[in-house]
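Participant: Dumping the structure here so I can ask a few things about it.
Taken together, the values in this text are just the output of simple stated rules run on the coordinates, not laboratory data. On a predicted model such as this, the values are computed, not experimentally measured, just so you know. Heads up, the Cβs are rebuilt from the backbone with ideal geometry, glycines too, and the neighbour counts pull from every protein chain shown.
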Amino acid sequence: MRKVLLFGAIGLVTLFLAAQTMMGKSGYVRVVHAISDAPAVDVFLSSMGKEIQTIRSAPYTGVTPYGDVPVGKYNVLVTVANDKKAVLFDVKGFEVKADSYTTVAAVNSAADRELEVFSDVGLNKDKNKAQITVYHLSYKSPNVDALGVDLNNAKVVSNLAYRKSGTINVSPMGVDLNVVPAGKMTPVEYNLKGISVAGGETYSVFAFGLLNGGGAAAFKLTPNEDKVVMGSMGFK
């Protein structure tokens with residue numbers, strides 16, 4: 001009997017310590033608006049009866065910094081900016097894990113909109129290299145290669161499919177990227193010039209729009225320096 005009680009007590013202590021360890025833990029989440037024909041959006045997270053507005057009036061091509069979000073499961077509500085009744089997404093059970101990095105992207109078109117969730121590598125820990133992640137969010141576009149013009153057209157990212165991402169570490173330098181159909185050198189769908197990447201830093205490049213689009217829907221590459229901004233998701 002004493003052994004049973006002892007093992008039971010040990011089990012309770014272990015569970016208590018595990019719970020204490022998880023208290024205060026956070027993951028890091030950012031939001032990307034990649035739907036060219038959708039309006040600016042607001043984003044709300046709710047859990048256990050409490051709702052927080054995390055994003056306000058995010059426009060198309062908007063990329064938030066990573067914000068800290070307490071570990072747990074959330075309902076995610078995305079609405080037209082300043083109109084909470086105009087619901088675009090209502091997602092249940094979105095899970096945030098401790099020390100995870102997640103990109104949540106609104107993709108496709110307004111008519112067939114979806115959320116794509118990327119489990120990211122996280123921030124760069126190599127002080128001698130720059131980390132670059134390319135996200136293919138160009139709706140209905142084929143697989144692409146990203147060629148480093150300054151690297152003798154070496155493939156920075158190879159055969160990247162829509163709604164996928166690829167990460168590479170490179171030496172600090174000025175980066176000039178050409179986006180081409182996978183396995184080809186031409187046509188150059190887009191040339192991104194003048195990115196300077198530093199050792200120990202983390203960068204993303206997002207492919208937005210349509211290859212044959214015009215105006216707001218024109219294909220583009222948008223660079224972003226990735227940072228964590230504590231409290232930016234509304235959690236203090």
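Participant: For the range 25-38, in order, what is each residue's ³J(HN,Hα) by Karplus, 6.51 cos²θ - 1.76 cosθ + 1.60 with θ = phi - 60°, in whole Hz (x at glycine and Pro)?
Facilitator: For the range 25-38, the Karplus-derived couplings read 6, 9, x, 10, 10, 10, 10, 10, 9, 10, 9, 5, 9, 10 Hz, x marking Gly and Pro.
Participant: Can you list the lysines whose alpha carbon sits under 28 Å from that of Lys127, skipping same-chain ones fewer than 8 residues off?
Facilitator: Lys25, Lys97, Lys155, Lys164, Lys193, Lys227
Participant: Sticking with this structure for a sec: Distance from a point 7 Å along Cα→Cβ of Met185 to each backbone N in the range 129-166: keep the residues under 20 Å and list them by number.
Facilitator: 144-160
Participant: At most 16 other Cβ atoms within 10 Å and a DSSP loop assignment: could you name the trypsin sites (Lys or Arg not before Pro) in the range 175-233 that fit?
Facilitator: Those that pass, being in a loop and sparsely packed, are Lys184, Lys227.
Participant: Would you calculate the convex hull of the Cα atoms in the range 88-184 and tell me its volume per residue in Å³?
Facilitator: 106
Participant: Oh, and also: Pairwise over distinct Cα atoms, reciprocal of the mean inverse distance: report the Kirkwood radius of the range 148-213 in Å, one decimal place.
Facilitator: Mean inverse Cα-Cα distance, inverted, gives 13.0 Å.
Participant: Taking H as built 1.01 Å from N, whose amide H comes closer than 5 Å to the amide H of Glu201, not counting residues under 5 places away?
Facilitator: Under 5 Å from the amide H of Glu201: Gln131.
Participant: Just to check I understand the Karplus step: with θ = phi - 60° and J = 6.51 cos²θ - 1.76 cosθ + 1.60, what whole-Hz values come out for the range 50-59, glycine and proline as x?
Facilitator: 10, 10, 10, 7, 8, 10, 10, 6, 6, x
Participant: Enter the Cα centre distance for the pair the range 157-200 and the range 70-96, rounded to the nearest angstrom.
Facilitator: One Cα centre to the other: 32 Å.
Participant: If the cut-off is a Cα-Cα distance under 27 Å, which lysines reach Lys85, setting aside same-chain residues fewer than 8 apart in sequence?
Facilitator: Lys50, Lys73, Lys236
Participant: Here's a follow-up. Would you mind checking which residues have amide H under 5 Å from Val157's amide H? H placed 1.01 Å from N; only 5 or more apart, or other chain.
Facilitator: Result for Val157 returns Ala146.
Participant: Helix 2-22 versus the longest principal axis of the chain: what is the Cα-based angle in degrees, 0 to 90, to the nearest 10?
Facilitator: For 2-22 against the chain, the angle is about 40 degrees.
Participant: Calculated FRET efficiency, Val80 and Lys193, Cβ-Cβ r, R0 35 Å, to nearest 0.05?
Facilitator: 0.50
Participant: What's the long-distance tail for the chain, i.e. % of Cα pairs beyond 33 Å?
Facilitator: 27
Participant: Can you compute the helix-only [θ] at 222 nm over the chain? Use -39500 (n - 2.57) per DSSP H run of at least 4 residues, normalise by all residues, nearest 500 deg cm²/dmol.
Facilitator: Calculated mean residue ellipticity at 222 nm is -3000 deg cm²/dmol.
Participant: Right, here's the next one. Residue by residue through the range 104-121, which ³J(HN,Hα) values in whole Hz follow from phi under the Karplus form 6.51 cos²θ - 1.76 cosθ + 1.60 (θ = phi - 60°), with glycine and proline marked x?
Facilitator: 10, 10, 7, 10, 6, 10, 4, 6, 10, 4, 9, 9, 10, 10, 9, 8, 7, 5
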